[in-house]
Amino acid sequence: MEPDELDEVKLVVKNADGTTPDLTLEAVPLEGSTVRCVKERVCQGYDARPHPSQIKLVFSGRLLKDSEQLFEILQMHDLSNPVIFHALVRSAADPATPSPSPSPVSASRTTSTSS
């Protein structure tokens with residue numbers, strides 16, 4: 001990217017649920033913006049107003065961390081076109097990490113030895 005090129009980017013956020021319309025974020029500054037900053041703007045665009053911790057952002061097949069700098073993520077990409085991020089929004093009722101439920105087969109299995 002040339003030094004005099006864009007210092008802002010247009011992001012299109014597609015929600016993985018398939019029903020929420022795409023969210024377009026105009027004029028997102030490249031310098032100083034983190035993934036957390038993008039999440040905060042995404043929250044403002046959704047009717048349900050999820051908390052940023054409920055959103056996971058994916059770019060180019062990679063789950064992004066809140067502390068990552070937008071400039072570093074996008075430095076090798078063409079910024080003349082909108083950049084597409086994918087959002088996974090967890091509802092407030094969902095646990096952060098689901099606990100595995102025991103399998104009916106393994107829970108009912110008993111050990112017996114026969115000679």
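The values are calculated or read from the model by the stated rules, or taken from the named source; none is laboratory data. The model shown is predicted, which means the values in this text are computed figures rather than measured ones. Using ideal geometry, Cβ is built from the backbone for each residue, glycine included, and neighbour counts are taken over all protein chains shown. The accessibility values were calculated without ligands, DNA or RNA, using every heavy atom of the protein model including side chains. Shrake-Rupley method; radii C 1.70, N 1.55, O 1.52, S 1.80 Å.
Give the range 80-89 a look and list any residue that's open to solvent by 20 Å² or more (accessible area, probe 1.4 Å) and either touching a Lys or Arg at 6+ places or on another chain (Cβ under 9 Å) or assigned to a helix (DSSP H, G or I) (or both), or say none.
Residues satisfying the conditions are Asn81, Pro82, Ile84, His86, Leu88, Val89.
Residue check, Ala48 against (1) closer than 20 Å to Lys14 by Cα; (2) at pLDDT 85 or above; (3) small (Gly, Ala, Ser); (4) touching a strand residue (DSSP E or B) at 6+ places or on another chain (Cβ under 9 Å), all met but one. Which one?
Failed condition: (2).
On the basis of being among the β-branched types (Val, Ile, Thr), closer than 18 Å to Leu88 by Cα and either in a strand (DSSP E or B) or open to solvent by 80 Å² or more (accessible area, probe 1.4 Å) (or both), does Val58 make the cut? Please lay out each step first, then the result.
Working: among the β-branched types (Val, Ile, Thr): yes; closer than 18 Å to Leu88 by Cα: yes; either in a strand (DSSP E or B) or open to solvent by 80 Å² or more (accessible area, probe 1.4 Å) (or both): yes.
Yes; evaluated as a whole, the condition is true for this residue.
Just for the range 1-37: of the residues that are open to solvent by 60 Å² or more (accessible area, probe 1.4 Å) and within 15 Å of the chain's Cα centre (by Cα), which one is modelled with the lowest pLDDT?
The residue in question is Gly18.
Being among the polar types (S, T, N, Q) and closer than 15 Å to Glu26 by Cα is the filter here, so list the residues in the range 38-80 that pass it.
The answer is Gln44, Ser80.
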